[in-house]
1. With respect to residue 173, is the statement that it is under 30 Å from residue 83 (Cα atoms), surrounded by fewer than 16 Cβ atoms within 10 Å (Cβ to Cβ), modelled with pLDDT of 90 or more and touching a helix residue (DSSP H, G or I) at 6+ places or on another chain (Cβ under 8 Å) true?
2. With the requirement that a residue be farther than 25 Å from residue 192 by Cα and part of a helix (DSSP H, G or I), what does the range 102-128 give you?
3. Which residues, taken from the range 129-146, are part of a helix (DSSP H, G or I) and either surrounded by fewer than 22 Cβ atoms within 10 Å (Cβ to Cβ) or in contact with a strand residue (DSSP E or B) (Cβ under 6 Å, 6 or more places away or on another chain) (or both)?
4. Could you tell me which of the residues 181, 164, 192 is over 13 Å from the mean Cα position of the chain (by Cα) and over 20 Å from residue 101 (Cβ atoms)?
5. Quick check on my filter: what residues within the range 81-96 are in a helix (DSSP H, G or I) and within 14 Å of residue 38 (Cα to Cα)?
6. Any idea which of (1) free of Cβ contacts under 8 Å to residues at least 40 places away in the same chain; (2) within 24 Å of residue 133 (Cα to Cα); (3) surrounded by fewer than 19 Cβ atoms within 10 Å (Cβ to Cβ) is the one residue 107 doesn't satisfy?
7. Pick from 93, 16: which is within 16 Å of residue 134 (Cα to Cα) and surrounded by 14 or more Cβ atoms within 10 Å (Cβ to Cβ)?
8. With respect to residue 23, determine if the residue is outside any loop (DSSP other than H, G, I, E, B), in contact with a helix residue (DSSP H, G or I) (Cβ under 6 Å, 6 or more places away or on another chain) and at pLDDT below 95.
């Protein structure tokens with residue numbers, strides 16, 4: 001892999017094409033799960049700020065991300081209301097649970113921080129890829145445009161997390177660990193069923 005390609009989106013396994021069709025036919029369930037994903041994204045950034053208040057670059061970069069993720073939650077809720085769809089209960093997130101199990105335990109404080117940053121980058125990358133699938137495939141024009149906007153936003157968040165990771169550990173370490181996590185994420189995706197009520 002060339003140096004300039006180290007930090008591209010680079011997911012190893014694209015979304016199963018069947019997911020777009022299933023998601024489009026179950027958009028209420030997808031919107032509910034999406035709303036919870038945005039909540040968790042905001043909470044994850046808040047958690048990083050609380051755990052690492054001494055990391056000025058992190059605090060400054062993630063503070064506006066918290067606000068943006070919460071605004072996404074509010075916009076998803078608007079889409080549910082616009083369609084007279086109820087906001088249901090949170091579903092078990094098997095994708096994130098499995099991803100958390102492949103993170104390294106122990107190590108230095110900075111190594112643990114980088115694990116968390118790369119985890120978040122990977123979730124944002126997969127979300128970005130799913131938003132792209134929805135943008136290109138769902139027939140609802142307004143919702144398609146909505147997911148295009150979110151695709152662009154999530155790509156920015158993904159880059160933020162990778163940028164921060166490179167501030168706290170050497171670039172070759174981050175690049176190696178990122179490749180390992182991309183491979184692990186692809187293996188996880190192969191084990192998950194194509195679900196009509198999950199964003200991931």
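The values are calculated or read from the model by the stated rules, or taken from the named source; none is laboratory data. Fair warning: this is a prediction, and the values are worked out from it, not measured in the lab. Heads up, the Cβs are rebuilt from the backbone with ideal geometry, glycines too, and the neighbour counts pull from every protein chain shown.
1. Numbers: under 30 Å from residue 83 (Cα atoms): no; surrounded by fewer than 16 Cβ atoms within 10 Å (Cβ to Cβ): yes; modelled with pLDDT of 90 or more: yes; touching a helix residue (DSSP H, G or I) at 6+ places or on another chain (Cβ under 8 Å): yes.
Answer is no for this residue.
2. Matches in the range 102-128: 109, 110, 111, 112, 113, 114.
3. Across the range 129-146, the qualifying residues are 129, 132, 133, 135, 136, 137, 141, 142, 143, 144, 145, 146.
4. Details: 181 fails: over 20 Å from residue 101 (Cβ atoms); 192 fails: over 20 Å from residue 101 (Cβ atoms).
Criteria check complete, one pass: 164.
5. Of everything in the range 81-96, just one residue is in a helix (DSSP H, G or I) and within 14 Å of residue 38 (Cα to Cα), namely 96.
6. Here residue 107 clears every test but (2).
7. On the way: 93 fails: within 16 Å of residue 134 (Cα to Cα).
Criteria check complete, one pass: 16.
8. When the stated conditions are applied, residue 23 passes them.
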